[in-house]
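Working notes, structure below.
The values are calculated or read from the model by the stated rules, or taken from the named source; none is laboratory data. Keep in mind that what you see is a predicted model, and the values were worked out from it rather than measured. Here Cβ is always computed from backbone atoms with ideal geometry, including for glycine, and neighbour counts include all displayed protein chains. These accessible areas exclude ligands, DNA and RNA; they are computed on the full protein's heavy atoms, side chains included. Shrake-Rupley method; radii C 1.70, N 1.55, O 1.52, S 1.80 Å.
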Amino acid sequence: MKKIAIIGGGLAGLVSAIRLSRIGFEVVLFEKKQYPFHKVCGEYLSNEVLDFMQRERLLPDNHDFPQINKFQISALNGQFLTMPLDLGGFGISRFVLDNFLAQQATIEGTQILENISINNIEFGDNRFKLETANNEIYYADLVIGAYGKNGVLDKKLERDYLKYEAPFIGVKHHIKTGFPRDVVALHNFEGGYCGIVAIENDQFNLCYLGRRKDLKKAGSVEAMEEQVLKANPFLKSIFDNAEFVYEKPVVINAFSFRPKKLIENHILMSGDTAGLITPLCGNGMAMAIHSAKILSDSIAEHASSEQWDRGKLESAYKEKWNATFKRRLLVGRKTQSFFGSKWSSNAALSIMKSSPWLAKKIMKNTHGKPF
């Protein structure tokens, strides 16, 4: 039986673990934190993955998740556009979803090792040697990298995207407010944009992408929100009138949307570790789940026999991943360039309001189809 090590227990890592454990692989998953925990994430899940999640029993059934069928976007000058979502989606916190998936992975036979960081991976003699921060050693036939936007291993692997600036930060709050529960909104501010969507327990996710230089200039997250985000009247109203559930937000610092290599030293990357879609596209969770399906299907097809070929597995995974995501990631990066500044966001929104067909086309090109 082949042993598969998965580095990172987010959506991509957990969905891969569940599916690979079910078909007989020996799976060990390393997570540097302990479940349940909060993550910076928009917490909107596109219905493109709904059928798959239900078929694979990957959704908790004891929650009434808010159903989202409208999209709203605003510019700094206060103009806004509201439009229907073709596929729609639902809101669910990572605190709830990741914890449920971790429990399911354990039930299916995955060994989950929490509070453990993998600091180094070496490949030789057709297998991997993994070393933890505590100098423990593990061995595996296959390794999946699903540790998020960036990590210690990226530096060890000298990944190309690290040669460039990492100008962005991500901040997430959970709030209570009177915002409609069937709308996912995206509000622009100078240097970024902020999303709001309903999640479980009558709460909302308020999550934004901003610039590190603005945070540095303001001196704190709170000061940046006051000075930068509240310039948008929609955001000012939300921040001034909402009840914040937690005293402090969850923050991730220093990341970019540069293209990444899918495979590094035979490590198969998945989710944000393989390619990060801009939050503006609103379906990063769906992409992580879909990428896990593609990867686990490729492993099942090309590594389940004793006479397996690593080269064929890697080629098949690259082909499927590029066919599914390469264009979407490119469109997401191009679309983002029109937002996040006063002039361009105002202009882009004016164009979208006068050309509904263009707005729908942009939306369609950043989302996938049900699978």
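Details
- Verdict on residue 254 being touching a Leu at 6+ places or on another chain (Cβ under 7 Å) and touching a residue at least 24 places away in the same chain (Cβ under 8 Å): no
- Among the residues making up the range 92-122, a single one is of a type in the set (Ser, Thr, Tyr) and in a helix (DSSP H, G or I): 106.
- Annotation for the range 239-256: no member residue is acidic (Asp, Glu), farther than 27 Å from residue 173 by Cβ, surrounded by fewer than 24 Cβ atoms within 10 Å (Cβ to Cβ) and at pLDDT 95 or above.
- Search result, residues across the range 170-215 that are β-branched (Val, Ile, Thr) and modelled with pLDDT of 95 or more: 171, 175, 177, 183, 196, 197, 199
- The residues of the range 86-112 that are out of contact with any Pro (no Cβ under 9 Å at 6 or more places or on another chain), of a type in the set (Val, Ile, Thr) and open to solvent by less than 70 Å² (accessible area, probe 1.4 Å), listed by number, are 110, 112.
Every residue, every condition in (1) surrounded by 15 or more Cβ atoms within 10 Å (Cβ to Cβ); (2) of a type in the set (A, V, I, L, M), yes or no:
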site	(1), (2)
114	no, no
122	no, no
128	yes, no
138	yes, no
141	yes, no
144	yes, yes
147	yes, no
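- If the condition is being closer than 30 Å to residue 131 by Cβ and of a type in the set (A, V, I, L, M, F, W, C), then the range 32-86 contributes 37, 40, 41.
- Taking the criterion of being at pLDDT below 95, of a type outside the set (A, V, I, L, M, F, W, C) and either out of contact with any Gly (no Cβ under 7 Å at 6 or more places or on another chain) or within 22 Å of residue 118 (Cβ to Cβ) (or both), the only residue of the range 216-236 that qualifies is 232.
- Taking (1) in contact with a Phe, Trp or Tyr (Cβ under 7 Å, 6 or more places away or on another chain); (2) assigned to a helix (DSSP H, G or I); (3) open to solvent by less than 10 Å² (accessible area, probe 1.4 Å) in turn, residue 286 satisfies each apart from (1).
- On the stretch given as the range 155-175, residues that are touching a residue at least 40 places away in the same chain (Cβ under 8 Å) and among the charged types (D, E, K, R) total 4.
- The set of residues in the range 39-85 that are open to solvent by 70 Å² or more (accessible area, probe 1.4 Å), assigned to a strand (DSSP E or B) and farther than 28 Å from residue 324 by Cα contains only 80.
- Members of the range 150-163 found to be closer than 23 Å to residue 17 by Cβ and either of a type outside the set (D, E, K, R) or open to solvent by 40 Å² or more (accessible area, probe 1.4 Å) (or both), listed by number: 150, 151, 152, 153, 156, 157
- Candidate set: the range 179-224, residues that are touching a residue at least 40 places away in the same chain (Cβ under 8 Å) and among the charged types (D, E, K, R); chosen: the one least open to solvent (accessible area, probe 1.4 Å): 200
- Any hit, the range 64-71, residues being within 18 Å of the chain's Cα centre (by Cα) and aromatic (Phe, Trp, Tyr): no
- Qualifying residues in the range 123-135 (those that are assigned to a loop (DSSP other than H, G, I, E, B) and in contact (Cβ under 8 Å) with a residue 12 or more places away in the chain) - the one nearest to residue 264 (Cα to Cα): 126
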